[in-house]
Structures are given as C-alpha cells and as structure tokens.
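Written out below as structure tokens is the structure these notes cover.
The values are calculated or read from the model by the stated rules, or taken from the named source; none is laboratory data. Given the structure is predicted, the values throughout are model-derived calculations rather than measurements. Quick reminder, even Gly has a Cβ in these numbers, built from the backbone with ideal geometry, and neighbours come from all protein chains shown. Each accessible area value is taken on the protein alone, full model and side chains, heavy atoms only, with ligands, DNA and RNA left out. Shrake-Rupley method; radii C 1.70, N 1.55, O 1.52, S 1.80 Å.
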Amino acid sequence: RRFPIRMKPHRLLIPALLAAMSISHAEDKPGAAVAEWVRQLADEDFQVRERASLELWELGDAALPALEAAVSSTDPEQAIRAREIVRKIQLHLTPDTDASVISLVERYAVASPAEKVTLMGKMRAKQAWRQMLKLYAAETQAEVRKRLETTMGAVALKAARERMRNGDDAMAREFLELAPANEAGLRALAEFHRSHGTLDAEL
C-alpha cells in the first residue's frame, strides 16, 4: 500500500551495471573508446562534443595518433577540436593544469612579438617551465627567439637543476635539449652528459 509502484531491486541495478560494463569495455579496448570519442568531436550535441574533448585530453599521449589523424578531417568542428587537444597534449597541459597557465599559453598562440615576451614573463612567474620551453622550441619568429634567448637559457638551467634534485634526470635532459642552441646552452647540455658518462656517445 505504501509503495503503489513496485520496482524489483535488480531493475534498479541495470543502469549502474550498464555504465560499469561500458567503462570496462572502454578499458579493455582503449582503441575503440578513443575512436568513438574522436567521432563524437563532430557530434551534433554540444555536450557530447565537450565530453569527448575532455576524455581525449585526459587520456593524453595515448590519444595523439587518433587525434593527429582527425586534424585533417573534412568536418571542421572535428578538425578544430582535434588540433586544439593535440596542442594541449604536446605542451603538457592537462585538465589539472593551473587555469591561468592554460590561458597564458592560449594567448601566446595569437600574440604579437612584444606580447609573447610579456606572456613568457608571466609564465615564468607561474614556474611553467615545460610550457615555456616547448613554446620557445616551436617558435618560428626570429625576433621573438632572439629576445627570449637569455631568459630561456636561464629557465632551462633552473628547471633542469630542479628535476635533477628530484632524481628525474630524463626530464632534466629534456629541458636542456629545449634550451637555446647557443654556446651556453650547448655547454650546459655537454656538462649534463659528461656527468652521466654519455658525452662521448652523444658527440
């Protein structure tokens, strides 16, 4: 009497079980899940597109091959979203990255030479070493590279020393390799290899 509409307990579990099966299926076949998320980048539903973008962004490097293929898609929405996610992943931006750092990186892409120098200064204040060095390595404007050369050399050394203190020599090497390829930068990289006994092999 108190419950005029009766629902069997097992029916209440169906939605939860289906969700769990879906997650398990995606984990068992990550390639299929990635392909579906990439397809959803062109979905008519905005919320579906947004969710797919977030899933791919969170997945990171594992999603890069499929995303790079989608960059050349004939669907404009899919291509643009794929390109944006690829750039974030390559710049080591994640959904957990400080939102202000993400904003600075996004502004850098469309900034003038003078603005780029200013934005790099703001990123330096945020200690966004990896993003700074990645942006500098990809910079094609000679004027910007010249104006940032000294700053980026100092950033690479500081970032590398921090990583070495934390026992992350691989990351330290990456930072030094992204530094300006001037005399100071090459000497720092050579010193790193000398201290690790790999200088002869690198030469």
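Quick look at the numbers
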{"quantity": "Single residue of the range 84-101 satisfying the filter (within 18 Å of Asp61 (Cβ to Cβ) and part of a helix (DSSP H, G or I)) that is nearest to the chain's Cα centre (by Cα)", "calculated": "Ile89"}
{"quantity": "Unmet criterion (only one of (1) in contact with a helix residue (DSSP H, G or I) (Cβ under 9 Å, 6 or more places away or on another chain); (2) of a type in the set (Gly, Ala, Ser); (3) modelled with pLDDT of 95 or more) for Ala109", "calculated": "(3)"}
{"quantity": "Residue that is farthest from Asp96 (Cα to Cα), among those in the range 26-77 that are touching a residue at least 24 places away in the same chain (Cβ under 8 Å) and hydroxyl-bearing (Ser, Thr, Tyr)", "calculated": "Ser73"}
{"quantity": "Search result, residues across the range 66-83 that are part of a loop (DSSP other than H, G, I, E, B) and surrounded by fewer than 12 Cβ atoms within 10 Å (Cβ to Cβ)", "calculated": "Ser72, Thr74"}
{"quantity": "Selection from the range 149-173 of residues that are surrounded by 16 or more Cβ atoms within 10 Å (Cβ to Cβ) and touching a Lys or Arg at 6+ places or on another chain (Cβ under 8 Å)", "calculated": "Thr151, Val155, Ala159, Ala160, Met171, Ala172"}
{"quantity": "Residue that is nearest to Ala109 (Cα to Cα) [pool: residues in the range 174-192 that are open to solvent by 80 Å² or more (accessible area, probe 1.4 Å) and among the acidic types (Asp, Glu)]", "calculated": "Glu177"}
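Yes/no per residue for (1) on the phi > 0 side of the Ramachandran plot; (2) of a type in the set (A, V, I, L, M):
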{"residue": "Asp98", "(1), (2)": "no, no"}
{"residue": "Leu104", "(1), (2)": "no, yes"}
{"residue": "Pro113", "(1), (2)": "no, no"}
{"residue": "Trp129", "(1), (2)": "no, no"}
{"residue": "Ala138", "(1), (2)": "no, yes"}
{"residue": "Ala154", "(1), (2)": "no, yes"}
{"residue": "Gly185", "(1), (2)": "no, no"}
{"residue": "Gly197", "(1), (2)": "yes, no"}
{"residue": "Leu203", "(1), (2)": "no, yes"}
